[in-house]
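Have a look at the structure below before the remarks.
The values are calculated or read from the model by the stated rules, or taken from the named source; none is laboratory data. Please read these numbers as outputs of a predicted model, since none were measured by experiment. Neighbour counts are summed over all protein chains in view; Cβ atoms, including those assigned to glycine, are modelled from backbone coordinates with ideal geometry.
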Amino acid sequence: MLWAGANEHDPRIIDVKNKERRPGAKPFPGAKAKASGDTRPGSAKPYPSKGRDERQARPQRRDGEARKPSSQPQAPETTAEPARVLTVRNGDRPAERVPLILESSGAGDFHLIDSGDGVKLEQYGPYRIVRPEAQALWPKALPTHVWDKADAVFTGDTDEDGMGRWRFQREALGETWPLSLLGVDFHGRFTAFRHVGVFPEQIAHWSWMKEKIEAADRPLKVLNLFGYTGVASLVAAAAGAEVTHVDASKKAIGWARENQSLSRLDKAPIRWICEDAMKFILREERRGHRYDIILTDPPKFGRGPNGEVWQLFDHLPLMLDICRELLAPKSVGLVLTAYSIRASFYSIHELMRETMRGKGGLVESGELVIREAGLDGKTPGRALSTSLFSRWVPK
């Protein structure tokens with residue numbers, strides 16, 4: 001998903017998991033920067049403007065089965081067209097609001113029951129499941145017998161990108177089951193990467209987006225990069241937006257289409273694009289296409305089929321730079337979420353402010369957290385941090 005598509009997130013997508021470990025990978029080719037207007041070339045590594053590549057699976061954030069790596073390495077495609085380079089903007093930086101903690105206590109068929117000792121107990125529709133959670137450093141609040149009654153427990157590799165399997169405590173469960181959030185129906189699925197098809201901490205962003213779309217006096221255009229199973233895209237479409245959903249995983253796109261039918265939104269204006277996210281936005285920029293809301297949730301690392309390397313810290317500045325160019329004159333917001341990285345939210349906060357120099361507005365950044373809600377879904381407990389985010393909005 002810039003590696004189009006892949007969110008705990010690097011989870012979601014799993015199509016190039018094996019390629020992550022393939023030796024001899026080559027970085028994206030460089031290009032000389034050109035200064036233009038009131039901008040100057042930046043230091044971020046350029047991204048080729050043409051060529052194939054696939055996104056990496058996060059635990060990705062980001063699920064599916066890994067594709068088998070090619071037995072013969074391929075040389076990167078060549079092109080006469082120069083690579084897209086970062087431009088560092090002049091002008092005042094936007095106002096800021098930090099730290100901002102966006103909290104979800106659950107919605108629809110989901111809530112966090114309890115957490116502690118490196119695991120979490122969650123309610124997803126009819127099922128209670130246990131998954132690893134490294135940030136749950138505190139002891140569990142509920143007694144052992146409650147945890148022992150979970151329907152499914154993820155076992156195996158506890159690393160974010162590691163594969164494992166599900167142990168069903170009492171009886172074997174089907175691979176999928178129906179869920180609903182914010183009025184959208186979709187399938188939950190027990191995947192080999194611990195994820196179940198939705199990242200509920202994103203409810204905070206989705207609720208914000210839904211309100212903006214419903215309050216607009218026109219149909220807003222939404223671009224969802226690294227869209228995974230399409231829940232955010234369906235929330236936007238149900239609210240009245242025209243949606244472009246991008247993900248490099250065919251499995252994820254297929255899952256998203258199933259969710260579209262399940263939500264009875266088959267006639268909704270959604271474009272499902274199975275492509276690398278960076279390649280897609282580069283083309284959209286050249287075509288002059290614009291969007292009112294952009295959601296982006298990139299993986300921290302990935303490889304393309306030709307040996308190209310995606311590194312969040314190397315290529316995120318350029319991705320945001322392109323996203324800025326894709327914002328419509330009366331845009332509503334640009335949202336970035338980052339999982340599984342060793343960084344403070346200030347890192348992406350300051351990057352977003354630099355990217356949006358001269359654009360005005362406000363950059364608000366912080367963390368997404370989920371509040372424990374107990375067995376009844378109504379008893380507030382501790383807050384579990386899940387990810388970092390930064391969001392630009394016009395004032």
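A few remarks follow.
- Pro219 vs. criteria under 16 Å from the mean Cα position of the chain (by Cα), assigned to a loop (DSSP other than H, G, I, E, B) and not small (Gly, Ala, Ser): no
- Restricting the range 290-340 to residues that are at pLDDT below 95 and of a type in the set (S, T, N, Q), the residue that is nearest to Trp206 (Cα to Cα): Ser340
- When Arg189, Arg170, Arg194 are screened for being charged (D, E, K, R) and modelled with pLDDT of 95 or more, only Arg189 passes.
- Residue count for the range 145-204, restricted to those that are among the aliphatic types (A, V, I, L, M) and over 20 Å from Phe110 (Cα atoms): 3.
- In the range 233-265, the residues that are in a helix (DSSP H, G or I), more than 21 Å from the chain's Cα centre (by Cα) and either at pLDDT below 95 or among the hydrophobic types (A, V, I, L, M, F, W, C) (or both): Leu262
- Taken together, the residues in the range 226-267 that are of a type in the set (D, E, K, R) and farther than 23 Å from Thr337 by Cα amount to 5.
- Odd one out for Pro178 among (1) under 15 Å from Leu384 (Cα atoms); (2) under 22 Å from the mean Cα position of the chain (by Cα): (1)
- Filter pass, Glu350 being farther than 23 Å from Glu201 by Cα and assigned to a helix (DSSP H, G or I): no
- The range 353-395: number of residues that are assigned to a strand (DSSP E or B), surrounded by 21 or more Cβ atoms within 10 Å (Cβ to Cβ) and in contact with a Pro (Cβ under 8 Å, 6 or more places away or on another chain): 4
- Residue that is at pLDDT 95 or above, closer than 19 Å to Tyr124 by Cα and acidic (Asp, Glu), where the choices are Glu372, Glu350, Glu354, Glu367: Glu372
- Sole residue being crowded, with 21+ Cβ neighbours inside 10 Å, in contact with a Pro (Cβ under 7 Å, 6 or more places away or on another chain) and in the same structural domain as Thr386 (by TED's automatic domain parsing), chosen from Phe199, Phe193: Phe193
- Of everything in the range 266-279 that is buried (at least 20 other Cβ atoms within 10 Å of the Cβ) and more than 16 Å from the chain's Cα centre (by Cα), the residue that is nearest to Met209 (Cα to Cα) is Ile270.
- If the condition is being of a type in the set (D, E, K, R), over 14 Å from Ile293 (Cβ atoms) and touching a strand residue (DSSP E or B) at 6+ places or on another chain (Cβ under 8 Å), then the range 189-223 contributes Arg189, Arg194, Glu201.
- Residue in the range 345-395 that is farthest from Asn90 (Cα to Cα), counting only those that are β-branched (Val, Ile, Thr) and under 18 Å from the mean Cα position of the chain (by Cα): Ile370
- Residues located in the range 266-305, provided they are assigned to a loop (DSSP other than H, G, I, E, B) and aliphatic (A, V, I, L, M): Ala268
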